[in-house]
Amino acid sequence: MALTNDRDTVERRAPTIRDFGLAGGAVIHAGALAVLKDGWVRPGFTGTGLVAAGRAESRVDNSGGADGDRRVKVKAGTFRFDSATAPAADAITAADIGKVAYIVDDHTVARTDGAGTRSPAGLIWDVDASGVWVRIG
């Protein structure tokens, strides 16, 4: 049944910052689009089966370690990333607000899934002269 009165809809249930184990051999930079693959965080990359986790809060170097030897804090929210520019079909515009953005790398998102080669990053929240605002988490 539809609402007949105002409702106090709770804004959030869980903390926006989570602590994850970093994949072995990985280095993630502060501000990077962080993804989960096989249970471990990695910097964003083109691939399938990735889960966008948010933005890395600091640089963490696990290049000499095994999975989970180092941990990284990842924040969910709305963040500005770069838009893919080539091919032109991947460039995100204001007409794409509300649609899904796809992961290209740790700072770039695209309009398309690259013929099934990219995972979703989140929803396109806004587009401005500096980039694409993507809602993750």
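FYI, it's all coordinate maths here, none of it is from the lab. Every value quoted in this text rests on a predicted model; they were computed, and no experiment measured them. Here the Cβ is made from the backbone with ideal geometry for all residues, glycine too, and neighbour counts use every protein chain on show.
Here are some notes:
- Mean separation of Cα contacts under 8 Å (6+ apart) over length of segment 77-136, as relative contact order %: 41
- Note on D8 and T48: with the Förster distance fixed at 35 Å, the Cβ-Cβ geometry gives a FRET efficiency of about 0.35.
- For segment 114-127, backbone phi angles converted through the Karplus equation (6.51, -1.76, 1.60; θ = phi - 60°) give residue-by-residue couplings of x, 6, x, 9, 10, 9, x, 8, x, 8, 6, 8, 6, 9 Hz, Gly and Pro being listed as x.
- Highest GNM mean-square fluctuation among T108, T46, T16, for the chain modelled with Cα contacts below 10 Å: T16.
- Candidates V100, V27, V109: whichever shows maximal mean-square fluctuation once the chain is modelled as a Gaussian network with Cα springs under 10 Å: V27
- Additional length obtainable on full extension of the chain from S63 to D96, 0.36 nm per residue less Cα span: 8.2 nm
- Shape category assigned to segment 1-105 from the gyration tensor of Cα positions, a/c cut at 1.5: oblate
- Test item: Cα-centred dipole of the chain, Lys/Arg +1 and Asp/Glu -1 on Cβ, debye: 260
- Approximate spin-label separation T16-L123, in nm, with each point projected 7 Å along Cα-to-Cβ: 1.6
- Alpha-carbon centroids, segment 118-137 and segment 1-41: separation in whole Å: 14
- Long-range amide H partners of R71 with built H, under 5 Å: L22
- Summary value for the chain: 24 percent relative contact order, contacts being C-alpha pairs under 8 angstrom separated by 6+ residues.
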